[in-house]
């Protein structure tokens, strides 16, 4: 489940290209604007479609946790969420704690370090001779 746009490298590969290539795991995506307007929509979509994987930057999980706490809401104890990946910006330990407090299983919380720059060069080419 993602709200990240298709033009974001992580979202493009993980939530759009892999499902097309593997024909195995369907993705559910919605607009980043809808997420910003209503962060709890993210949790609603995960629960409605029994999402097993999602990803976002630290700020998004923090925002979701604050809104869910304000609404006195948590993920169901039997949540289907197996991986909640966090990357793209520094990760605050307080955000990880907040994720656990709203019912995201500790074993599902995954932190990552993105290095999109490395694949930009690998995927580029030139038709001029470099000296």
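A short reminder: the numbers here are calculations on the coordinates, not readings from a lab. Source: prediction; values computed, not measured. Counting neighbours? That spans all protein chains shown, and the Cβs are built from the backbone with ideal geometry, glycine included.
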> Of the residues 24, 113, 61, which exhibits the maximal mean-square fluctuation in a Gaussian network model of the chain defined by a 10 Å Cα contact cut-off?
Replying inline: 24
>> At R0 = 22 Å, how high is the FRET efficiency between residue 87 and residue 31 if r is their beta carbon distance? Nearest 0.05 is fine.
In response: 0.60
> How many nm is it between the label spots at residue 111 and residue 97, if each spot is 7 Å from the Cα in line with the beta carbon?
Replying inline: 1.4
> Tell me, what is the percent relative contact order of the chain, built from C-alpha pairs under 8 Å that lie six or more residues apart?
Replying inline: 21
>> Per DSSP helix of 4 or more residues, -39500 (n - 2.57); summed, then divided by the residues of the chain. What does that give at 222 nm, rounded to the nearest 500?
In response: -10000 deg cm²/dmol
>> What do you get for the angle between helix 58-70 and the principal long axis of the chain? Use alpha-carbon atoms, 0 to 90 degrees, nearest ten.
In response: 10
>> Could you work out the relative contact order of segment 1-75? I mean the mean sequence separation of Cα pairs under 8 Å and 6+ apart, divided by the number of residues, in percent.
In response: 34
